[in-house]
Amino acid sequence: MKTEFSQIEIEALKYYVYCLVDPRNGNIFYIGKGGYNNRVFEHARGAINSDDTNLKLNTIREIIAQGYEVQHYILRHGIEAEEVAYMLESTIIDLLTYPAFNKKFLLTNLVTGHHQWDEGIKTVDEIAQIYDCAKLNPASNQKLLLVSLNKTYIQKNAQGIYVRANLYECTRKYWTIAPNRANNVDYVLGVYRGIVRSVIKPTSKWQYASTDDNGNSFKSKKARYQIEGRMDDEEGNRLYLNKDATDYPFGSGGSFRYID
């Protein structure tokens, strides 16, 4: 099995987008981007040489343990600009994970693609919502915390810790924020696909959460926090609810961001 590119191959590939395929079923389980390097091969080496645990690495270890080898495919190469490679990677991830036409989530990517949620797949109604509604315009004297609802807003597609009772529960927990900074915000805004869908006025300090709704400990080593608050705050809803937040993207894999 090929385990690295030659220098000539690296220079010819330039920036490239690749996928990892499980030979046991032919499923793509990871999409990635490389650039003038051997990035495509590093995942298998990481699974063998590290003790880290996540879905991608566990899948690779299962493949190897059963006597198979991960299959590597270069989807596009010779890309001159890194930003173009990011966009292509994001488009493929979006296509393989969009819930309307993907009934099983097959990818093991820990983070979503570059600008996937603010520029990715949308229905025509969502396009109208984004471009017909007013832009988010933070009040000059207020600090905001935007949190991504992309994994919780559509509850029929939610799994594990993302299963919640209502929109309030989706918005208020469980975030890997720094409480000292988060305690200073005036509003917490829940954003789904570029639109502010919920506004919480905090009524307490952020509290450490050791387990999820089902009593299971979080697998992530990062501490998670939750907040109590009100969703009926008149000023907050008037200023921020149903506003277009695409000027404040979360970035690749981001789940929250501050506006000071």
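Brief remarks follow.
- Residue in the range 215-227 that is within 19 Å of Pro138 (Cβ to Cβ) and assigned by TED's automatic domain parsing to the domain that holds Lys135 present: yes
- Checking each residue in the range 170-202 for being out of contact with any helix residue (DSSP H, G or I) (no Cβ under 9 Å at 6 or more places or on another chain) and either within 25 Å of Asp125 (Cβ to Cβ) or not assigned by TED's automatic domain parsing to the domain that holds Thr152 (or both) picks out only Thr171.
- Residue that is farthest from Asn216 (Cα to Cα), among those in the range 140-161 that are in contact with an Asp or Glu (Cβ under 9 Å, 6 or more places away or on another chain) and modelled with pLDDT under 95: Asn141
- Of the residues making up the range 169-203, those that are among the polar types (S, T, N, Q) and within 18 Å of Ala223 (Cα to Cα) are Thr171, Thr176, Asn180, Asn183.
- Odd one out for Asp125 among (1) modelled with pLDDT under 95; (2) farther than 25 Å from Gly251 by Cα: (2)
The values are calculated or read from the model by the stated rules, or taken from the named source; none is laboratory data. The model shown is predicted, which means the values in this text are computed figures rather than measured ones. Don't worry about glycine lacking a Cβ; one is built from the backbone with ideal geometry, like all the others, and counts go over all protein chains shown.
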